[in-house]
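Below: one structure, written as structure tokens.
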Amino acid sequence: MKKLTLQTKRMLAHVEDGVGWITFNQPEKHNAVSHDMWLAIPEIISAFAADDDVRVVVMRGAGDRAFVSGADISEFEDKRGTAGAVDTYGAATTAATAALRSLEKPLIAMIRGYCIGGGLGIALTADLRISAEDGQFAIPAARLGLGYGYSGIKELVNIVGPAFAYEIFFTARRFTAQEAKDMGLVNRVAPVADLERTTKELASLIAGNAPLTVKAAKAAISAATQDPAQRDIAKVDALVAQCFASQDYIEGRRAFMEKRKPQFTGQ
């Protein structure tokens with residue numbers, strides 16, 4: 001197991017069996033994200049993106065009460081008390097979100113308990129969301145007088161559609177894990193005791209597949225959800241061509257003919 005050394009103890013990161021693990025580590029505050037945690041996210045993503053041993057990335061919250069309950073409001077007076085501070089804080093959150101969205105490897109959110117506000121925003125950057133039965137999901141902006149910009153709402157609409165997005169924002173209520181699954185917000189719901197096993201099995205299955213194929217598929221699916229003017233179809237085509245020119249394509253064909261499990265290298 002490889003551990004990353006970070007500037008804050010409120011974020012943890014390690015690599016194990018082809019999976020990069022990101023842990024939001026402030027359980028005493030239900031893993032509310034503080035400024036230093038936002039700053040650590042791009043650092044972690046950059047390290048995982050550059051590490052060929054990492055095939056899949058999983059985000060989780062420390063403890064058993066929450067994935068992420070939102071932003072750490074206790075530091076708002078200090079970190080968001082002036083216009084300049086608000087801009088600085090906003091730059092950190094924007095950079096963290098952009099880093100998560102830019103990851104070209106599969107990203108999974110493993111969710112227990114509270115997944116609220118900014119926590120749900122973080123979960124929405126994942127490609128797959130696996131929730132325990134105790135998962136609770138909400139965007140309480142309408143109860144706080146907050147405004148949500150277009151990009152954040154578009155991510156939600158891409159996943160659940162406009163009808164459920166209206167309900168989530170208009171009611172500001174908490175939705176159960178089963179309700180979240182019914183609307184397509186999460187892919188699977190697992191018993192609490194089985195959440196980690198279920199997530200690890202899924203991550204292992206993905207990690208065993210051809211990395212270049214997975215990368216090309218993620219790029220194509222992401223392009224399909226973007227506004228037409230933002231789609232980089234040439235990049236998708238190049239990634240597909242890279243698959244056919246790879247050693248992994250040769251290995252996949254040989255393994256199929258020899259009736260054995262392929263050993264992909266990402267080359």
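Among 109, 180, 163, the residue with the largest mean-square fluctuation in a Gaussian network model of the chain, with springs joining Cα atoms closer than 10 Å, is 163.
For segment 49-74 versus segment 86-150, the inter-centroid distance based on Cα atoms is 10 Å.
Need one number: % antiparallel among DSSP beta bridges in the chain, to the nearest 5. Don't skip to the answer; put the middle values down first.
Numbers: 10 of 32 bridges.
Given both bridge residues lie in the chain, the antiparallel proportion sits at roughly 30 percent.
Rounded to the nearest Hz, the phi-derived 3J(HN,Hα) couplings of segment 177-192 under the Karplus curve 6.51 cos²θ - 1.76 cosθ + 1.60 (θ = phi - 60°) are 4, 5, 4, 4, 5, 4, 8, x, 6, 10, 7, 9, 10, 10, x, 3, where x marks glycine and proline. Comparing 45, 250, 22 in a Gaussian network model of the chain (Cα springs below 10 Å), the most mobile by mean-square fluctuation is 250.
Which FRET efficiency value, to the nearest 0.05, is calculated for residue 170 and residue 94 with the Förster distance at 22 angstrom and r the Cβ-Cβ distance? With a Förster radius of 22 Å, E is 0.30. Given +1 at the Cβ of Lys and Arg, -1 at the Cβ of Asp and Glu and no other charges, the dipole of the chain around its Cα centre is 420 debye to the nearest 20. Amide H contacts of residue 114 (H built 1.01 Å from N, in plane; Pro and chain starts excluded): 66, 67, 136 sit under 5 Å, all sequence-distant by 5 or more or on other chains.
Multiplying the residue separation of residue 223 and residue 238 by 0.36 nm and removing their Cα-Cα distance gives an extension gain of 4.0 nm.
Here the extension length gained between residue 102 and residue 3 equals 33.4 nm, from 0.36 nm per residue of separation less the Cα-Cα distance. Dipole of segment 1-120 computed with +1 at Lys/Arg Cβ and -1 at Asp/Glu Cβ about the Cα centre; of 46, 5, 115, farthest Cα towards the positive end is 115.
With 10 angstrom as the radius, rank 58, 68 by how many other C-beta atoms surround their C-beta, starting from the fewest. It would help to have the intermediate numbers written out before the result.
Working: 58 22, 68 28.
Final ranking by Cβ density, sparse to dense: 58, 68.
Using only the Cα atoms of segment 2-207, build the gyration tensor, take square roots of its eigenvalues as a ≥ b ≥ c, and label the shape rounded, prolate or oblate: rounded if a/c is under 1.5, else prolate if a/b is larger than b/c, else oblate. Oblate is the answer for segment 2-207, as a/c is 1.5 or above yet b/c matches or exceeds a/b. Over the Cα atoms of segment 86-136, each weighted equally, I'd like the Debye log10 I(q)/I(0) at q = 0.21, 0.30, 0.31 Å⁻¹, rounded to two decimals. Scattering profile of segment 86-136, log10 relative to I(0): -0.78, -1.11, -1.14.
Pairs with C-alpha atoms separated by more than 31 Å, drawn from the list 9/105; 235/259; 2/181; 154/261, are 235/259; 2/181; 154/261.
Rg of the Cα atoms in segment 134-244, relative to 2.2 N^0.38 Å, amounts to 1.33.
For the pair residue 14 and residue 49, label points projected 7 Å from Cα toward Cβ lie 2.5 nm apart.
The residue among 264, 35, 250 whose Cα reaches farthest toward the positive pole of the charge dipole of the chain, with charges on the beta-carbon of Lys, Arg, Asp and Glu, is 250.
Within the chain, no whole DSSP H helix has Cα atoms reaching 27 Å or more along its own axis together with a mean Kyte-Doolittle score of at least 1.6.
First check a/c for segment 1-55, with a ≥ b ≥ c the square roots of the eigenvalues of its C-alpha gyration tensor; if it is under 1.5, answer rounded, and if not, answer prolate when a/b is larger than b/c or oblate otherwise. Mind showing how you got there, number by number?
Numbers: a/c = 2.54, a/b = 1.79, b/c = 1.42.
Prolate, because a/c is 1.5 or more and a/b exceeds b/c.
Summarised as an ellipsoid, segment 77-178 has semi-axes of 23, 18, 14 Å, derived from the eigenvalues of the Cα gyration tensor scaled by 5 and square-rooted, with the largest first.
Over the chain, Cα pairs under 8 Å with separation of 6+ residues give a relative contact order of 15 percent.
Each value in this text was obtained by applying a stated rule to the coordinates, not by laboratory testing. Computed from a prediction, not measured in an experiment: that's the story for all the values here. So basically every Cβ, Gly included, is an ideal-geometry build from the backbone, and we count neighbours across all protein chains shown.
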